Amino acid sequence: MSRIEGVLQTLKGQGRKALIPFITAGDPHPDETVGLMHTMVDAGVNIIELGVPFSDPMADGPVIQLACERALKHSTSLRRVLAIVREFRQTNDTTPVVLMGYLNPIEAMGYEAFADAAAEAGVDGVLTVDLPPEEAGDVAPLFAERGLDSIFLLAPTTTDERIRAIADHSSGYVYYVSFNGVTGAAKINVEEVAAKVAHVHELTALPVAVGFGIRDAETAAAVGRVSDGVIVGSVLVDTIARNQADIEELKRALTDLLNPMREALDSLAS
Amino acid sequence: MSVKLTEEMLTALPDARGHFGAFGGRFVSETLMDSLMTLEREYLRLKKDPEFQATFDKDLADYVGRPSPLYFAERLTRETGGAQIWLKREDLNHTGAHKVNNTIGQALLASFLGKKRIIAETGAGQHGVATATVCARLGLECHVFMGAEDVQRQSLNVYRMKLLGAQVHSVQSGSRTLKDAMNDAMRDWVTNVDDTFYIIGTVAGPHPYPLLVRDFQSVIGRETRSQSLEKTGKLPDALVACVGGGSNAIGMFYPFLTDESVQLYGVEAGGLGIETGQHAAPLCAGRPGVLHGNRTYLMEDDDGQIAATHSVSAGLDYPGVGPEHSWLKDIGRANYVSVTDDEALDAFRMLTLVEGIMPALETAHAVAYAVKLAATMDKDQMVVINISGRGDKDIHTIAQLDGIEL
Ligand SMILES: Cc1ncc(COP(=O)(O)O)c(C=O)c1O
């Protein structure tokens, strides 16, 4: 069983929901990322999605675009991101790490070289925003052979036929994008999400995590009620941007954001 | 090295997943997949629909003014002292460039799909103007994304778009040129996918765009083929076109791909010189990667980050290229070369003074290479340059280089 499956099964047994933060590796500086990851673990997160910076993040809004720019200013390459995960693993053997990004840095490194290096560094899953399952035929088997979960997106526009096909290619969990739009937009409609996620649950046995538009304890709880986990991104990245000059203050701010979300999710436990 | 192409090989490409050999495909976020699949299905149906094709042909004739002439540049030929140089006059199209062939086709598709809101990216502004134009004609809401740097250097076209009723969004992110405009157009599309049709301006982007833009632009090569036979009794020996994303080039090349005797030359922007790194020539100096929905030759660094590009011409200032060109390069069917900013500027002046035809700076790249090429060829041979657009939009840039305030 993969580390991701293990964590999600344990939570399910406890009637709890996964809290999954997203931050961009290397933002505000690559030397700080491991520390921020530990801070988030201390605040009760269950899985970390670590963004791999890319020069052209087409699916992201301004907040994560700027995070990529900050990280790239300090040359946060994919290799550097893998080194960050390796360092995190030296003191944390339990919290799954999912790399989330765009295909070109992986393609530039080479699929096999990346799969080897990611497994060796202690990465658990890979979510490539611009790689639908149709194009993943070459890379998905390399991940599977090394125990890396392939995580794919589902969207409001995804047809039933595709939901089934995508779930067939997925392991760990599926990521439901809560609205048509880029990261950081404030468009979430909780009732629509609830209906769609319930429907996705009918079509696959995989856990469903929901991201895009979750920015506080209230939205986290509302979405957590109908899903297996919530992904929180832009609000954390925005906090990093606002506190980049003072890392201790930044860690306090992240903790202050995540704690109420954790509590709100746990208050749902049956 | 070069493969002999047959009609069967060509009709099999792109394959069902939008691949041209190792290139092309559909690398987009899940939100867009359903729209792209619907577009593909509807396009493949309409491609065979006589009514759709008849409407397209009629618009090209009566609105765009096709066929565009194939003109013998007698004086340029004499000055060059080599092969006969002929010009395919896409600059005479309504709105002044080849771009309108494609926007007519895609706007027609949008109408068939019932979409009322149109978005587009633009570099030089020619595609933006062509899109704004068809939207004005069909009463569609039009949003054009344009890099902030290009808004400045192509201010005339910005104003034209506004007069045509379009909203121009100045894009401040990244390098503030064409690639960033395309990023923001994709972001808008993801957000408004239910009611919005994205009119992509070149043969790049996810499948089926490289296919349908190529089909719409192929009228250039089809006309050139029959005009050439009619006027000279033979096919040209060489075709020369500039390559930004590659739509005017593929439109010219495609109907000649199986004619082995016809040499194809795509001219990329060499900027300050390939050796300086300050250029926009992915086929000459890049490597395969994935950007904007397709796998193709790209300019990127060792870590897979997209590199900044440079060209004096906004329409060629793009780090990628249409996937079909990447395939034509790898199988050796087409040759890809580059000319520098300075060579293009010289060619702009030359064509203007010698033939009284002022080309777009993009087009001037093709002119510069074609003149060099023709000089090495025999007098009984024939070179056709695709004059993809006219140069009015570039007069500010030229004046600035001359130190003249307009
Ligand atoms: C006149 C003209 N030629 C060529 C291009 C380059 O595009 P493509 O390579 O798609 O023909 C442009 C783009 O703006 C243009 O305006």
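The values are calculated or read from the model by the stated rules, or taken from the named source; none is laboratory data. Everything quoted here is computed from the prediction, not taken from an experiment. A quick note on method: Cβ atoms are made from the backbone with ideal geometry, for glycine too, and the neighbour counts reach across all protein chains shown. Note: accessible area is taken over every heavy atom of the protein model, side chains too, but ligands, DNA and RNA are not part of it. Shrake-Rupley method; radii C 1.70, N 1.55, O 1.52, S 1.80 Å.
Shape of the stretch B:1-77 from the C-alpha gyration tensor: oblate (a/c of 1.5 or more and a/b not above b/c, with a ≥ b ≥ c the square roots of its eigenvalues).
Straight Cα distances below 20 angstrom link B:K47 to the lysines B:K58, B:K99, B:K115, with same-chain residues fewer than 8 positions distant left out. At 20 °C and a viscosity of 1.002 mPa s, what translational diffusion coefficient does Stokes-Einstein give for the stretch B:42-156, taking Rh as the Kirkwood radius over Cα pairs? Give it in µm²/s as a whole number. The calculation lands on 134 µm²/s. The charge dipole of chain B, taken about the Cα centre with unit charges on the Cβ atoms of Lys, Arg (+1) and Asp, Glu (-1), comes to about 840 debye, rounded to the nearest 20.
Out of the DSSP beta bridges found with both residues in the stretch B:41-184, what percent are antiparallel (nearest 5)? DSSP beta bridges in the stretch B:41-184 are roughly 20 percent antiparallel.
From the Kirkwood radius over Cα pairs of the stretch A:1-102, Stokes-Einstein at 25 °C and 0.890 mPa s returns a whole-number translational diffusion coefficient of 174 µm²/s.
Rolled with a 1.4 Å probe across the full set of protein chains, the surface gives B:Y159 an accessible area near 140 Å².
For the protein assembly as shown, the per residue solvent-accessible surface stands at 35 Å², with DNA, RNA and ligands left out and a 1.4 Å probe. Using θ = phi - 60° in the Karplus curve 6.51 cos²θ - 1.76 cosθ + 1.60, the 3J(HN,Hα) couplings for the stretch B:309-321 round to 10, 9, 8, 5, 9, 4, x, 9, 7, 9, x, x, 6 Hz; x is entered for Gly and Pro.
Accessible surface for B:I357 stands near 10 Å², nearest 10, in the context of the full protein assembly shown (1.4 Å probe). With 30 Å² as the minimum drop in accessible area between chain alone and full protein complex (1.4 Å probe), the qualifying residues in the stretch A:169-188 are A:N180, A:G181, A:V182.
Ranking A:P96, B:V383, B:A61 by Cα position along the charge dipole of the protein assembly as shown, where only Lys, Arg, Asp and Glu carry charges on their C-beta atoms, puts B:A61 farthest toward the positive end. Just from its helices, what would the mean residue ellipticity at 222 nm be for chain A, if runs of 4 or more DSSP H residues each count -39500 (n - 2.57) and the sum is divided by every residue, rounded to the nearest 500 deg cm²/dmol? Value at 222 nm, helices only, nearest 500: -15000 deg cm²/dmol.
Charge dipole (Cα centre; +1 on Lys/Arg Cβ, -1 on Asp/Glu Cβ; no other charges) of the protein assembly as shown amounts to roughly 1200 debye. Kirkwood radius and radius of gyration were both taken over the C-alpha atoms of the stretch B:295-406, and their ratio Rg/Rh is 1.02. For the chain pair A and B, the interface hides roughly 2900 square angstrom of accessible area in total, found with a 1.4 Å probe. The convex hull built on the alpha-carbon positions of the protein assembly as shown has an orientation-averaged projected area of 29.5 nm². Extents of chain B, taken as max minus min of Cα coordinates on every principal axis and listed largest first, are 57, 53, 48 Å. Computed on chain A, with alpha-carbon pairs under 8 angstrom and 6+ residues apart, the relative contact order is 23 percent. For the stretch B:156-285, the residue among B:V267, B:P210, B:A166 whose Cα projects farthest onto the positive side of the dipole built from Cβ charges is B:A166.
With the Kirkwood sum run over all distinct C-alpha pairs, the stretch B:186-342 has a hydrodynamic radius of 16.3 Å. Hey, if you put +1 on the Cβ of every Lys and Arg and -1 on every Asp and Glu Cβ in chain A, which of A:A59, A:P132, A:V200 ends up farthest toward the positive end of that dipole? The residue sitting farthest along the positive end of the dipole is A:V200.
Based on alpha carbons, the Rg and Dmax found for the stretch A:121-270 are 16.4, 48 Å. When trypsin sites (Lys or Arg not before Pro) are flagged only if DSSP places them in a loop and at most 11 other Cβ atoms lie within 10 Å, the longest unflagged stretch of chain B comes out as B:49-378. Among bridges DSSP assigns within the protein assembly as shown, what percent are antiparallel (round to 5)? Among the beta bridges of the protein assembly as shown, antiparallel pairing accounts for roughly 20 percent.
Counting every C-alpha pair in the stretch A:3-262, the share spaced more than 33 angstrom apart comes to 11%.
In this Cβ point-charge picture (+1 for Lys and Arg, -1 for Asp and Glu), the stretch A:3-262 has a dipole of about 600 debye about its Cα centre.
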